[in-house]
1. Considering only residues that are under 27 Å from Ile569 (Cα atoms), in contact with a Lys or Arg (Cβ under 9 Å, 6 or more places away or on another chain) and hydroxyl-bearing (Ser, Thr, Tyr), which ones fall in the range 271-311?
2. Need pairs with beta-carbon distance below 9 Å; first residue among the acidic types (Asp, Glu) and within the range 767-779, second assigned to a strand (DSSP E or B) and open to solvent by 20 Å² or more (accessible area, probe 1.4 Å); sequence gap 6+ or separate chains.
3. Considering the range 134-162 alone, what residues qualify as being crowded, with 23+ Cβ neighbours inside 10 Å and of a type in the set (Val, Ile, Thr)?
4. What is the residue count in the range 317-342 for residues that are farther than 18 Å from Val276 by Cα and surrounded by fewer than 17 Cβ atoms within 10 Å (Cβ to Cβ)?
5. Working only within the range 665-677, note down all residues that are open to solvent by less than 10 Å² (accessible area, probe 1.4 Å) and more than 24 Å from the chain's Cα centre (by Cα).
6. Could you please give the count of residues in the range 396-434 that are of a type in the set (Gly, Ala, Ser), under 17 Å from Leu548 (Cα atoms) and exposed (fewer than 15 other Cβ atoms within 10 Å of the Cβ)?
7. Taking the range 856-872, which residues are surrounded by fewer than 10 Cβ atoms within 10 Å (Cβ to Cβ) and in contact with a helix residue (DSSP H, G or I) (Cβ under 8 Å, 6 or more places away or on another chain)?
Amino acid sequence: MLRELNLGEAMTVTPMMAQYLEIKDAHKDALLFYRMGDFYEMFFEDAVAAAEALDIALTKRGKHSGQDIPMCGVPVHAAEGYFLTLIRKGFRVAVCEQLESPAEAKKRGYKAVVKRGVVRVVTPGTLTEDSLLSARQHNYLAAFAQVRDLSALAWLDMSTGAVQVMITDRARLSAEIARLAPAEIIVSDANYEELAYLEPEFGVAVTEQPRMSFDSAASENRLLSCYYVKSLEAFGQFSRAEISALGGLLSYVELTQKGQLPHLSRPRQETSDAFVHIDAATRRNLELTQSLTGGRAGSLLSVMDRTSTAAGARLLERRLSAPSQKPDVINARLSSVTYYYENQSLARDLQAHLKRIPDLDRAVSRLSLNRGGPRDLGSIRSSLEQGALLYQSLINLADPHPHKNLTVLTECTDLLDALDRTLIAEPPLLARDGGFVAPGVREDLDQARELRDEGRSIIAGLQKTYQEHTGIAALKVKHNNVLGYFVECTATHADKMMSPPLSETFIHRQTTANQVRFTTVQLSDLERRIQSAGADALRIELEEFSQLCALALESAAKLHDVSREIAQIDLAVSLALLAVEENWVKPKIDNSRHFEIIGGRHPVVEASLRNQSGRSFVANDCNLSPDDGTAKAWILTGPNMSGKSTFLRQNALIAILAQMGSYVPATFAHIGCVGQVFSRVGASDDLARGRSTFMVEMVETASILNQSDDKALVILDEIGRGTSTYDGLSIAWATLEHLHDVNRCRVLFATHYHELTQLSERMAGIENAMVTAKEYNGDVIFLHEVKRGAADRSYGVQVARLAGLPPPVIERARAILANLEQGAREGKAAPLAVLDDLPLFAAIPEDSPQVSPDQTALQNALDNLHPDEMSPRDALDALYRLKALSTEPGLS
């Protein structure tokens, strides 16, 4: 499509198509949305691809090289929705706008083509529109850079302007990508092949850029220019790798936004030891921010999110994704939550203000990119108004409030006054719609609006004035497309109108058979002003909009500070009310190796039980605190379906909740700061990589053994179950020994290999615990209680029966199990001949209990009952009949 044209072809290409091909040639990797009036049009292969992806009609327009040109288009006003669809399907979109009006183009010649140019390239990480983003989640654009032996990861959210960077190595990169969940990551072409795996594994778009974009020297100059500083030392001591990553990030933003940068906060450094290390598998298994099905519902975040603002919701997600391991930081956060926990009426009053606060960060970002409108200015005004009310609510309290930077809420009073004075109560979305400047702000605007909206009444008033001045009652002021506005009277008054002194005011324009028409200087001037009144009013309003935007962007840094303070208040209030409503408790946090939880509960399972069936969750204790400084591990045994995996997960979640600065679902919790959380729970294969379930399990286990240290919390479920019994037992045994002796970390180890319980007798730091169950009439009843000791049975056959295996299969399994257990007690395996003699799929197994006639009668009576059709009297009679049947001799 974009091959070079020969001379003959060039002569046949229209000027518009030549312009299109030139612009497209500069954006080969994106679909070109070419603005033509009220539509974005696509041509050639772009049209074919877009029509299929968007499910819109594919048409044709003209010919190129003798062939029809495929074409499709979308309306400009609905383009955002199409952008999102294309981005989700892996496309990039180059938005080509008209840079002048057709009238301006005609000044250069009758056949001149309207100037057009790409104003932005839409990619997954550069979205800023509210309609394309989730208000409660960040949309990160990341960049990875390597300078010699050092590498770094930088990321920003263009919709909020937050910029961060950290040193990281290749081994930790996957974990950081899992934590941040960026929409797009920029990598050098030198690293692209090595990092391409991130796209299928994490669903992040990996974008290759020239290595010059990451040159550290050029990157430093780019950063200095962006932040208008002479040295980056004012922001911190950055390594060359960090500067390279930040520069690559900034270069890509400049490229896609065509030099129009959003307002960026100063880059903030993160260190890997500041927050808890949680790898990708653990995040997936614990369902912190997403459930295993990929959605938000069913995750820990969905259960605990009671925030009222978008900024507060994003802060909650950040803290939950990266809990702190600094006791001072954690306890400061807990103190804020405690303040509102103890002042619930205040918390609910503040929540009423918080619910009225729009998304301040994203409003500022859109204005800085020239994509904002009056409604964004209104959002800033509302945020500042409610922020001032929050300040007054907190600053006047007798008790000291827990927020150190509360005064930032009142530092933009000049901006608030200007916005409040200028804007109407409910501004429109787009500036071009006008009508957002309040009356009385500018006299010339009020006059233009009066002429625009009340032109007829003004003309009527002028007509009355002329009637009184001339004494001609029949005089009229009229309008037509030829003369515009004119004064008309009958021919009988012609001499009077064309004689002094009236002729000095009224200028003759036209005479017809019955009428004479005049104009006046005043009427001509009024006509000109009425015709331009609408355009004048919009021009004046756009001037005011531009001035307000400039004023807001001058205060952009302060506005981001306001948003951060609001988010912190919102999060503390929401966590306090969550703790009150869910009966959560404040944890004790320190730097010890203590780990004691009393009455712990799984917050997601507890909420699910309550919502679906009204049942309560069975709380359990967990104590992994070492008595003498050695590692502490629990070997957890018990039946399938008894809740072992839930118990493992809930203790890991409680540790994460505590260290993010939240109350926890327990009656008591003392957590010595955890530095790492590792989880190996559940089973799944990875067919795309050719990995079996067992292989995935071993890879994740190897990662835990190689990375965990003495500050880690490790939860392991059923290690070794994917291979033969002795292989699996030996792997599980060796893994637990290594975690105890070498890694020396706190461990919860669930297993069905009961032989492992013998380790508690050999190692002081290992204890046995079991999830209890009882057997009643051949069925297993799960008590979900965790007690010290080792379970002696797994009740696998009973669980299989609950799962719905056919009765003959269950009975066959019981018989085989009995023979195998007898062989084990006698020290020998059950002979095959004995197993062959067992009944196989009999219609009624030999040892199955026979059903008596009386039992059949009772069952038939139950089957014939239809409760929905029974009256209370009928129900009582039926109950007596069933009672009589149940006392028959055969049922006693």
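1. Once the filter is applied, which keeps residues that are under 27 Å from Ile569 (Cα atoms), in contact with a Lys or Arg (Cβ under 9 Å, 6 or more places away or on another chain) and hydroxyl-bearing (Ser, Thr, Tyr), the range 271-311 yields Ser272, Thr289, Ser302, Thr307, Ser308, Thr309.
2. Here the result reads Glu767/Asn623; Glu767/Arg788; Glu775/Ile781, each pair linking the range 767-779 to a residue that is assigned to a strand (DSSP E or B) and open to solvent by 20 Å² or more (accessible area, probe 1.4 Å).
3. Thr160
4. Kept after step one, since they are farther than 18 Å from Val276 by Cα, are these residues of the range 317-342: 335-342.
Okay, now just the ones that are also surrounded by fewer than 17 Cβ atoms within 10 Å (Cβ to Cβ), so 335, 342.
Adding up the residues that qualify gives 2.
5. Hits for the range 665-677 are Pro665, Ala666, Ala669, Ile671, Gly672, Cys673, Val674, Gly675.
6. Residues of the range 396-434 that are of a type in the set (Gly, Ala, Ser), as a first pass: 398, 418, 425, 431, 434.
Filter again for under 17 Å from Leu548 (Cα atoms), leaving 418, 425, 431, 434.
Next cut, exposed (fewer than 15 other Cβ atoms within 10 Å of the Cβ) only: 425.
Qualifying residue count, the range 396-434: 1.
7. Step one: list which residues in the range 856-872 are surrounded by fewer than 10 Cβ atoms within 10 Å (Cβ to Cβ), which gives 863-864, 866-869, 871-872.
The one that is surrounded by fewer than 10 Cβ atoms within 10 Å (Cβ to Cβ) and in contact with a helix residue (DSSP H, G or I) (Cβ under 8 Å, 6 or more places away or on another chain): Pro867.
To keep it simple, each residue is scored yes or no on (1) under 26 Å from the mean Cα position of the chain (by Cα); (2) among the aliphatic types (A, V, I, L, M); (3) within 18 Å of Ala145 (Cβ to Cβ).
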| position | (1), (2), (3) |
| --- | --- |
| Thr207 | yes, no, yes |
| Pro210 | no, no, yes |
| Asp215 | no, no, yes |
| Leu223 | no, yes, yes |
| Ser239 | no, no, yes |
| Leu249 | yes, yes, yes |
| Pro262 | yes, no, no |
| Gln269 | yes, no, yes |
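The values are calculated or read from the model by the stated rules, or taken from the named source; none is laboratory data. Keep in mind that what you see is a predicted model, and the values were worked out from it rather than measured. Counting neighbours? That spans all protein chains shown, and the Cβs are built from the backbone with ideal geometry, glycine included. For accessibility, only protein heavy atoms count, side chains too; no ligands or nucleic acids. Shrake-Rupley method; radii C 1.70, N 1.55, O 1.52, S 1.80 Å.
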